[in-house]
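Read through the structure below, which is laid out as structure tokens, and then see the notes.
The values are calculated or read from the model by the stated rules, or taken from the named source; none is laboratory data. This is a predicted model, so every value here is computed, not measured. All Cβ positions, glycine included, derive from the backbone under ideal geometry; neighbour counts span all protein chains shown.
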Amino acid sequence: MRAATGSARVWRVLDRDIPIARPVIAGILNVTPDSFSDGGCFADPRTAVARAWEIAEEGAAILDIGAESTRPGADPVPADVEWARLEPVLAALGDLPIPVSVDTAKLAVAERALDAGAAAINDVTALRQDPGLAALAARTGAGLVLMHMRGTPGTMQRNTGYRDVVAEVRAALVAARDAALEAGCAPDQVALDPGLGFGKSVEGNLELLARLDEIASIGAPMWIGPSRKSFLGALLDVGPRDLVTASVAAGLTAARRGADVLRVHDVRPTHEALTVEASINAREPVERPHARAAGRHG
Ligand code: HH2
């Protein structure tokens, strides 16, 4: 469970400390034609920039922009194509009030994104594709997210068996973090993410969520991305766009178990859920001995 210490935990990105004593939201903006749940919706840069501002207004603390789909079976996109999708959006974000992370595993794209104003790199391969991302983060002070994935998006769902999924994911994340620290990153600069849906079965994803405190015990800022993932769809037998409530529930559950940054498509409902929970937690339980007898609610 999330410790109610009120300590000043932060995720450091460039010159900003993002406070994570309470969970915050990274709003997803996929500027891809083929993303899992929102492919094509924001491929036009003007639509993408408008959505970026909406994401900030709806309560996100971070904007996470991706230009290469990582859905199961997705083909890799060359760096120049990925950059051509990102560049016009990054250039037009102006004075967006929240820091931007870029969801890329490519050093060449990450370098250009940081030059164009991004503050963090979200690497779904946890340095396996481009170990140089750690040195880049160390040199620039950019935030770095290291996510666990088995294999590649093309192969990851072929082998989803683990002896103990939580222990294996934890060990891999600790090793990736150690590599980043060795490259010169500061501990509060490197966030970790167990990678829901990346080479895991439905049961494996549920096990990770249920035992998320074991990942949190590493002590690093923790990202989590249950949003509209197919393991939620499998539970409810619905498609990704009908998974808003399920995604909010999974995000809130993850936050209770120690997740610091919820990577979500549906920013407004997630923010409302976190706000209600925080408001409840901020109060002492109130004795209302007559409430039940009077049959009153609210
Ligand atoms: N999930 C996706 C992409 N990037 N990054 C982190 N840190 N954690 C995640 O769980 C994560 C991620 C996949 O989701 P989505 O962006 O909806 O789809 P696509 O990869 O098809 O664009």
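When R71 is tested against (1) of a type outside the set (D, E); (2) surrounded by 22 or more Cβ atoms within 10 Å (Cβ to Cβ); (3) assigned to a loop (DSSP other than H, G, I, E, B), just one condition goes unmet, and that condition is (2). Does any residue of the stretch 122-140 turn out to be surrounded by fewer than 24 Cβ atoms within 10 Å (Cβ to Cβ) and hydroxyl-bearing (S, T, Y)? Within the stretch 122-140, one or more residues are surrounded by fewer than 24 Cβ atoms within 10 Å (Cβ to Cβ) and hydroxyl-bearing (S, T, Y).
Kindly indicate whether any position in the stretch 35-45 is out of contact with any strand residue (DSSP E or B) (no Cβ under 7 Å at 6 or more places or on another chain), at pLDDT 95 or above and outside any loop (DSSP other than H, G, I, E, B). No: the stretch 35-45 contains no residue that is out of contact with any strand residue (DSSP E or B) (no Cβ under 7 Å at 6 or more places or on another chain), at pLDDT 95 or above and outside any loop (DSSP other than H, G, I, E, B). Note on the stretch 110-225: enclosed helices (runs of 4 or more DSSP H) holding 1 or more residues that are modelled with pLDDT of 95 or more and closer than 24 Å to V31 by Cα are 132-140. What number goes with the only condition from (1) at pLDDT 95 or above; (2) of a type in the set (A, V, I, L, M); (3) in a loop (DSSP other than H, G, I, E, B) that A48 does not pass? Status for A48: all satisfied but (3). Tell me, please, whether a residue that is within 17 Å of the chain's Cα centre (by Cα) and away from the ligand (no atom under 15 Å from the Cβ) can be found in the stretch 232-239. No, the stretch 232-239 has no match at all. Considering only residues in the stretch 39-62 that are farther than 20 Å from A273 by Cβ and among the charged types (D, E, K, R), the one that is farthest from the ligand (Cβ to nearest atom) turns out to be R46.
Only residues that are assigned to a helix (DSSP H, G or I), within 19 Å of G39 (Cβ to Cβ) and in contact (Cβ under 8 Å) with a residue 24 or more places away in the chain were counted in the stretch 232-270, giving 4. Here I55 does not fit the description of being under 30 Å from A172 (Cα atoms), within 15 Å of the chain's Cα centre (by Cα) and aliphatic (A, V, I, L, M). Listed by first and then second residue, the pairs with beta-carbon distance under 7 Å, at least 6 apart or on different chains, first residue in the stretch 170-188 and closer than 15 Å to A216 by Cβ, second of a type in the set (D, E, K, R) and surrounded by 12 or more Cβ atoms within 10 Å (Cβ to Cβ), are R170/E214; D188/R12.
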